[in-house]
Amino acid sequence: MDSDDFPVQLEDIRLRRDLIEEGWTDRDIARQVRLGTLARVRYGAYVSASLVVHLDAVGRMRVRSRAVLKTTHPSSVLSHQASLAEWGEPLWGLPLDAVDLTRTDGRAGRREAGIVHHRANLPADDWTVRNGVPVVVPARAAIEVILTHRPEVGLVTACGVLSRGHATSGDLRSAAKAAQRWPNSLHARIVLARADHRLTSVAEARTWQLFHDRGIPRPEPQVKVHDEFGALLGIVDFLWRKAGVFLEFDGRLKYEQFRRPGETLEQYLMREKRREELICQVTGWVCIRITWADLENPVRTARRISQLLSGRTKPAA
């Protein structure tokens, strides 16, 4: 059983019926909520407010998942994005306002607000316990998302489980085969044909999707660049080798991830600029940089990339 030190466990969830049995009244509960001692996480479920005060949207969904598991059928397992949250996968583009469940006994659950019950065959190998709660395995959760959301969201999810080592391409293909009779099963083949373990972030996966949607030739992702002595100069996000063009994504997450201890943002950006200049100097390549804002304007961004690619010829060796 894995643990990520999530502050709220199943036993931390206090149900109204349990509080009433302990002698609380509804007025007592409401007063503690007003005072900020208790936090209501869903209808009839509460937790100590100190445990949830610093949680983000994903964390709050995980708390609701635990509250749901306290009242739902004991055969219920967290699935879809509720499962992916427990595996630490990115949930970009996925709704966080409802908890997805699948029952191991193959039966559908009753309809409830804030809960999405799924009726499907769930073999023993398709689920496990993680962080103290039952969840479907990442490959299955990824396929569930792919079949119920648009391709860009599915690609981000598939690349996430691949790059984090939570599933292999074979795992995803097997999960897709098991779901071939589900609605929209064609989506799985389309998305998995583009999924790549080298796409390690939401930004890279979304950029990869942009290349596909706009007919841009597929580049090499995560290319190591060395100097003439074999020393590593850096790793570029995407490279069109024949055109001598590489693309780098600028985002806050990258700044936070690759800044050295004690390094200011200005110092990091200067070091990044020198890295780019050195790569261009040694290779003869040119760099194009895009941001989150560019992904929100795919037509203009694709035009910019295509114009640069079409205007470039392979640099002299």
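Structure notes:
- Any chance Arg42 is in contact with a Phe, Trp or Tyr (Cβ under 7 Å, 6 or more places away or on another chain), among the charged types (D, E, K, R) and touching a residue at least 12 places away in the same chain (Cβ under 8 Å): no
- If you go through region 206-226 and keep only what is in contact with a helix residue (DSSP H, G or I) (Cβ under 9 Å, 6 or more places away or on another chain), surrounded by fewer than 16 Cβ atoms within 10 Å (Cβ to Cβ) and under 11 Å from Trp240 (Cβ atoms), you end up with Pro217, Arg218.
- Arg60 being out of contact with any helix residue (DSSP H, G or I) (no Cβ under 8 Å at 6 or more places or on another chain), of a type outside the set (A, V, I, L, M) and at pLDDT 95 or above: no
- Enumeration of residues in region 163-174 that are of a type outside the set (Lys, Arg) and either over 28 Å from Gln222 (Cβ atoms) or in contact (Cβ under 8 Å) with a residue 40 or more places away in the chain (or both): His166
- Among the residues listed as Arg110, Arg66, the single one being more than 22 Å from the chain's Cα centre (by Cα), among the charged types (D, E, K, R) and on the phi < 0 side of the Ramachandran plot: Arg110
- Condition check for Thr128: outside any helix (DSSP H, G or I), touching a strand residue (DSSP E or B) at 6+ places or on another chain (Cβ under 8 Å) and free of Cβ contacts under 8 Å to residues at least 12 places away in the same chain: yes
- Scope region 182-196; condition of a type in the set (Lys, Arg) and either in contact (Cβ under 8 Å) with a residue 24 or more places away in the chain or part of a loop (DSSP other than H, G, I, E, B) (or both); matching residues: Arg194
Okay, residues lined up against (1) surrounded by 15 or more Cβ atoms within 10 Å (Cβ to Cβ); (2) farther than 28 Å from Glu204 by Cα:
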{"site": "Arg40", "(1), (2)": "yes, yes"}
{"site": "Pro95", "(1), (2)": "no, no"}
{"site": "Asp105", "(1), (2)": "no, yes"}
{"site": "Arg110", "(1), (2)": "no, yes"}
{"site": "Asn121", "(1), (2)": "no, yes"}
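Table: residues versus (1) closer than 16 Å to Val145 by Cβ; (2) in a loop (DSSP other than H, G, I, E, B).
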residue: Gly170; (1), (2): no, no
residue: Ala175; (1), (2): yes, no
residue: Gln180; (1), (2): no, yes
residue: Arg198; (1), (2): no, yes
residue: Ala203; (1), (2): no, no
residue: Leu210; (1), (2): no, no
residue: Arg218; (1), (2): no, yes
residue: Val223; (1), (2): no, no
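The rows are residues; the columns are (1) farther than 20 Å from Leu199 by Cα; (2) modelled with pLDDT of 95 or more; (3) within 11 Å of the chain's Cα centre (by Cα).
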site: Gln81; (1), (2), (3): no, yes, yes
site: Glu89; (1), (2), (3): no, yes, yes
site: Arg119; (1), (2), (3): yes, no, no
site: Thr128; (1), (2), (3): yes, yes, no
site: Val135; (1), (2), (3): yes, yes, no
site: Arg173; (1), (2), (3): no, yes, no
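- Unique match (being over 30 Å from Arg164 (Cα atoms) and not assigned by TED's automatic domain parsing to the domain that holds Gly154) among Arg16, Arg66: Arg16
The values are calculated or read from the model by the stated rules, or taken from the named source; none is laboratory data. A quick note: this is a predicted structure, and the numbers were derived from the prediction, not measured. As a convention, Cβ positions derive from the backbone with ideal geometry for all residues, glycine included, and neighbour counts pool all protein chains shown.
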